[in-house]
Amino acid sequence: MNPFKKLVLIILAGEMSGGVSCRSNIGTGAGNSITLTDTLKSVLYLSPDTSEIRQSPQADLIWYGRELVANTRKYLGPAGIVAQVSNQLNCQNCHLEAGTKAAAYSVNFLGVAANYPLYRYRSGMLETIQFRINDCMMRSMNGKSLDTAGREMKAIVAYILWIGKDIPAKIKPINSQIEQLPYLQRAADTINGKKVYTAKCQLCHGVNGDGGYSVDAAIYYPPLWGAGSYNTGAGMYRLSSLAGFVKNNMPFGVNHGQSQLSNEECWDVAAFINAKPRPYKNFPGDWPDISKKAIDHPFGPYADSFSELQHKYGPFEPIAIKRKKKFN
């Protein structure tokens, strides 16, 4: 066995504020794991080396799953060569590097196999991996469900299971999460958000937010609003999700601890992006227990008297305080 696979590096909680760092000069190549100790006992693992896929009896299916995640629009988008069931996004536009990005708070797929089936308050049910994938297909991809018995679904599931094959049960790697930024003491500001977007986002995603290709056409920059982007039921339509993602991953190439934006700028640019037009899709079955509804979910009804506007843009702390008093 590769000796690095047994490598465990303890990272003190105090170091988290300055970014992820290690008390060791040992390299951390593919297949290694790093135990990241913070107040939540979170763990950071690295994904297995993709060269290992060929050793799997399901190698062809796993490789196809990886290709579907990386180039979803090619296969399933409006001009998809397999089906036309999704929008202009690729799964890896949120789950970077085909769901394998190593840095903390990079929303990778490492924790899926270890935690699903998983009960989620949004659906009010125990969700399978297939259910979760189709949820993303209908929301982030603004499309239709995949046939759970079809090759595409089987391939994506096989790939996700392969990525998480070495993660202990019920472990939620910190690099599979979105950082929850502290709430602002004010509502998020779309005017300031536009300034941030112009300075830091517009070069790749365009003046009109419709994305496009890099100069060498090797990188696809996704649309952030408009018909080709995620709909109003997507997780990224919540400001906390988008702000936390931006903080640790954008502009493209940024990692945790290297952010080019303050927390305030992240909240504001998220507000600017989510204030823009996008497909509207209603999911009436969401949040069957409204007392568990996310504080920044922008659609009522709520178990409090705060407006939809405040639930969308904040300030969120008064909502959190009142909820804590009422339900805790």
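Just so you know, all these numbers are worked out from the coordinates, no wet-lab data involved. The shown structure was predicted, so the numbers you read here are calculated from the model rather than taken from an experiment. FYI the Cβ positions are ideal-geometry reconstructions off the backbone, even for glycines, and counts take in every protein chain you see.
Residues whose amide H comes within less than 5 Å of that of residue 43, counting only those at least five positions distant or on another chain, are 36, 172, 174 (H built at 1.01 Å from N in the peptide plane). Between the C-alpha center of the stretch 55-84 and that of the stretch 243-302 there is a gap of 27 Å. Ranked for footprinting exposure by Cβ neighbours inside 10 Å, fewest first, 203, 96 give 203, 96. Note on residue 214 and residue 67: the model spin-label points, each 7 Å out from Cα along the C-beta direction, lie 2.2 nm apart.
For the chain, what's the relative contact order in percent, using C-alpha pairs closer than 8 Å and at least 6 residues apart? 17 percent.
The phi-based Karplus calculation (6.51 cos²θ - 1.76 cosθ + 1.60; θ = phi - 60°) puts the 3J(HN,Hα) values of the stretch 230-236 at 5, 8, 6, x, 6, x, 6 Hz, whole numbers, x for Gly and Pro.
Label sites at residue 282 and residue 54, each approximated as a point 7 angstrom past Cα along Cα to Cβ, lie 5.3 nm apart.
Amide H to amide H, with H built 1.01 Å from N, residue 127 comes under 5 Å of 118, 119, 120, counting only residues 5 or more places away or on other chains.
Placing R0 at 51 angstrom, the Cβ-Cβ distance between residue 303 and residue 144 gives a FRET efficiency of 0.95 after rounding to 0.05. Dividing the helix sum by the residues of the chain, where each DSSP H run of 4 or more adds -39500 (n - 2.57), gives a mean residue ellipticity at 222 nm of -8500 deg cm²/dmol. Ranked for footprinting exposure by Cβ neighbours inside 10 Å, fewest first, 267, 287 give 287, 267. Taken about its Cα centre, the stretch 50-170 carries a charge dipole of roughly 220 debye when the Cβ of each Lys and Arg holds +1 and the Cβ of each Asp and Glu holds -1.
In the stretch 71-217, Cα pairs under 8 Å separated by at least six residues give a relative contact order of 22 percent.
Each 10 Å bin from zero up to the one holding the largest Cα-Cα distance in the chain carries the following percent of pairs: 6, 24, 34, 27, 8, 1.
Sorted into 5 angstrom bins from 0, the C-alpha pair distances of the stretch 50-170 split as 2, 12, 20, 26, 21, 13, 5, 1 percent.
Neighbours of residue 327, meaning other residues whose beta-carbon lies under 11 angstrom from its beta-carbon, give a summed charge of +4 when Lys and Arg score +1 and Asp and Glu score -1. The stretch 172-274 has equivalent-ellipsoid semi-axes of 20, 16, 14 Å, by the square roots of 5 times the alpha carbon gyration tensor eigenvalues, sorted largest first. Projecting the Cα atoms of 201, 105, 125 onto the dipole axis of the chain, where Lys and Arg carry +1 and Asp and Glu carry -1 at the beta carbon, places 125 farthest toward the positive end.
Within a straight-line Cα-Cα reach of under 29 Å, residue 324 can be paired with the following lysines, leaving aside sequence neighbours fewer than 8 residues apart in one chain: 41, 170, 172, 247, 292, 293, 312.
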